Every structure is written in structure tokens, then in C-alpha cells.
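Data block below; observations after.
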């Protein structure tokens, strides 16, 4: 009996020791998964994982940067979970507040840190204005950007098939009106072609299939829709008026009456004049909508989505004319007849004189 009791005591002791050991190992295991410093959420470290680095080298790099607690455990954890062949080289933004599992997941995902830059292109900018802004910010070589805008590379033409439908015989810049105005984030050192592709992809996203169908219903190609939208963009100053302005232009197109848009003449001039002279209206250019009925050969600026939508969903109206009020409101006077328009033009002139 004594011997049996002794065996039971020894067995119990061994089981207790094993249980304590297991609990201890479990505690150590979970402690190794914890962040090095949970309170250091604001601290980030850029860690470079070299191409071809093994698990041991990666562990040493992470330990040196204070991202993990123990190199041996990192290697054990990685191999146990079959991740040691899944690590992707690159620069990563890591923090001592990240747990081991989060660190491993990030390095396996390849979500590398890239230095980026931001730029904003306002609605209504021309290609030359876009090139000047990007060039002055040091983001592009202005001449190279303009060359690609004038004649896109074969790769761009293939990636964006809608460019192939443009008749560029009377167009200086094929991409005029196609580089969507927006705020963009780009990788530092991005090429001119990469920036252009980014802006074209944004247009592709904005100009939805519903817009394509609507343009088809109106008898417009994508190019014609963007051309009309660009005129609406440059003529309109208040978003709520854009559909009404578009309605006026649709009324004129319906009866083959010249659009007589000052914005198209300003595009030819390369400058914005407050008051156009009679000689300006006689400039022999296919973009001069005082001389030629219908739409000009292509867009005159980059339209925003409000103008694209207005061009495709114009307000039904009997108006045939409009003139800027020149009272600081950004609004226009609209008229059905030429006599009403002449009266509105005089009101606008009086507003301008009062302001001066």
C-alpha cells in the first residue's frame, strides 16, 4: 500500500509539474506575441527587409529595431505557421505597439511603405495648366508631360481604348479634357506616364456605364459628351446653374445654331478676357463656336463630374441665351429671346460699372 501511495504521489507530482510547465510555456508563448511597447502607438519605424533575407536575418532586423521581443521565438513562430517562405522584401512602417502576429501578417502581405506625394488639379484646368502646375511642383518634366498629352504612348492607347476613338486631326492635345480633375496621391518619383494613367483611370471610374448609356441616348460619343461638359465647366461658376447652361447649349445644338461660347474663344486665345472684342470672335479656328455651329473638335478643359452630369442630364428649358451677371454672385441671366438677352447684357454691363 505504501509503495502504491508513493507511486501515486510521484505520478501526481510529475503531472503537476507537467501542468505547471505547460501553463508556463503557454504564458511565455502568449507573452512573446505581445507588443514590445503597447503604449508606443505614435512611434513608427521604417524597417527595410532585404530581398532574399532568411527568417533569421529578418528576425535580427526586427529585434534591432525594437519591433519584436525575441528572435528565436520569431523564427519558431514563423516556421510553426509555415510563414518563413512568405515574407516579402520591401520597406515597412512598423511600430513597437504592434503584436507579433500583426507584424508577421504585414510583412507577408507585402503592404510596403512608399513615400508618396499629393497634388490637386482643379476643375476647368487645361492640359497646359495641368502641366505647369505639376512641373512647378517638381512632379513632372513639363515638356515630356505635354508631349504625352499631345500624343499618348502606344501603351496608354492600349490601356485606355476610349482614346482610340478621338479624331485628333484638329486637336493639339489628344488628352485635353480626359485628365480628370481631382486630388491624387502618387508614389514619389512616379513618371509622367504613370501620373497620366492614374488620372485616366479616375476618369474611367467617374464616367460610368450609366453615363455611356445616357450619352448614347442623346446621340453623343464619350468625346462629344466630354467636349460639351468642358464648355459647361468653363461657362458655369455655380454648380446649380450647370444643368441650365447645358440645357441652353442642347437647345442650340438641336437647331444647329452656333453655341457662341466665349469660353471656346478664350481657349483659342490662350487667355481669359473679361470682355471679348469683335476681332476675337472672328478668329479662324475650328474651336471658335461663334463662327462654327456644333461642338468644337474636342474639350477645352478638364470637366468635373458636376459638369459631365449636367451635359448628359441637362435641364429642360426654353432659354436660348445667357450672360454672366457680373455682380459677384457667379450667376447668369437667362433669356428666351435675343431682345431679352440684349436687355440682360445691359444689366450685366451696369453691374460691372457699379462694381468698378
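Any idea what % of Cα-Cα pairs in the chain are farther than 35 Å? Each step should come with its number before you reach the end.
On the way: 31215 of 63190 pairs.
Every Cα pair in the chain considered, those over 35 Å come to 49 percent.
Picking from 76, 281, 148, which is most flexible by a Gaussian network model of the chain using Cα springs under 10 Å?
Top of the fluctuation ranking is 76.
Kirkwood hydrodynamic radius for the stretch 208-317: how many Å is it when counted over pairs of different Cα atoms? Numbers along the way, then the final one.
Values: mean 1/r = 0.0720 Å⁻¹.
Answer for the stretch 208-317: a Kirkwood hydrodynamic radius of 13.9 Å.
Quote the Stokes-Einstein diffusion coefficient, in whole µm² s⁻¹, for the stretch 252-349, based on the Kirkwood radius over alpha carbon pairs, a temperature of 4 °C and a viscosity of 1.567 mPa s.
This corresponds to a translational diffusion coefficient of 88 µm²/s.
How big is the gap, in Å, between the Cα center of the stretch 214-239 and the Cα center of the stretch 241-294?
Computed from Cα coordinates, the inter-centre distance equals 14 Å.
What percent does the relative contact order of the stretch 243-332 come to when contacts are Cα pairs within less than 8 Å and at least six residues apart?
About 41 percent, as a whole number.
Can you pull the one-decimal nm distance between simple spin-label points at residue 346 and residue 51, each 7 Å off the Cα toward Cβ?
Result: 7.6 nm between the two label points.
What's the percent breakdown of Cα-Cα distances in the stretch 35-177 across 5 Å bins, shortest bin first?
Per 5 Å bin, starting at 0, the Cα pair percentages come out as 2, 9, 14, 14, 10, 6, 6, 8, 10, 10, 7, 3, 1, 0.
Bin all alpha-carbon pair distances of the stretch 115-206 at 10 Å intervals from 0 and give each bin's fraction as a whole percent.
16, 55, 26, 2, 0
Between 228, 198, 277, which gets the highest mean-square fluctuation from a Gaussian network model of the chain, Cα cutoff 10 Å?
Among 228, 198, 277, the largest mean-square fluctuation in the Gaussian network model of the chain belongs to 277.
Roughly how many Å is it from the Cα centre of the stretch 38-79 to that of the stretch 117-172, as a whole number?
Result: 43 Å between the Cα centres.
Below 8 Å between Cα atoms, with a sequence gap of 6+, how large is the relative contact order for the chain in percent?
Contact order relative to length: 14 percent.
Please quote Rg/Rh for the stretch 173-243 to two decimal places, taking the Kirkwood radius as Rh and restricting both calculations to Cα atoms.
The Rg/Rh ratio comes out at 1.02.
Considering Cα pairs under 8 angstrom that are at least six residues apart, work out the relative contact order of the stretch 115-206 and quote it in whole percent.
42 percent
At 7 Å along the Cα-to-beta-carbon direction for both residue 254 and residue 44, put a label point, then send me their distance in nm to one decimal.
Each label point lies 7 Å from its Cα, and together they span 5.5 nm.
In whole Å, what are the extents of the stretch 71-134 along the principal axes defined by its C-alpha atoms, from largest to smallest?
58, 24, 16
Consider all pairwise Cα distances in the stretch 261-317 and report the whole-number % of them above 14 Å.
59 percent
Pick from 300, 231, 61 the residue whose mean-square fluctuation is largest in a GNM of the chain, springs joining Cα atoms under 10 Å.
Greatest mean-square fluctuation among the candidates belongs to 61.
Please compute P(r) over all alpha-carbon pairs of the stretch 34-113, binned at 5 Å starting from zero, and give each bin as a whole-number percent.
P(r) over the stretch 34-113, rounded to whole percents: 3, 18, 30, 30, 15, 4, 0.
For the stretch 313-356, go through all pairs of different Cα atoms, get the mean of 1/r, take its inverse, and jot down that Kirkwood value in Å.
10.9 Å
Let me know the shape class of the stretch 111-162, please: from the alpha-carbon gyration tensor, a ≥ b ≥ c as square roots of the eigenvalues, rounded when a/c is under 1.5, otherwise prolate if a/b is greater than b/c, or oblate.
Judged from the Cα gyration tensor, the stretch 111-162 comes out oblate (a/c at least 1.5, b/c at or above a/b).
Since every read-out is calculated from the coordinates, none of them should be taken as a lab result. As the structure is a computational prediction, the values presented were derived from the model and not from experiment. For neighbour counting, all protein chains shown are included, and Cβ atoms are generated from backbone atoms with ideal geometry for every residue, glycine included.
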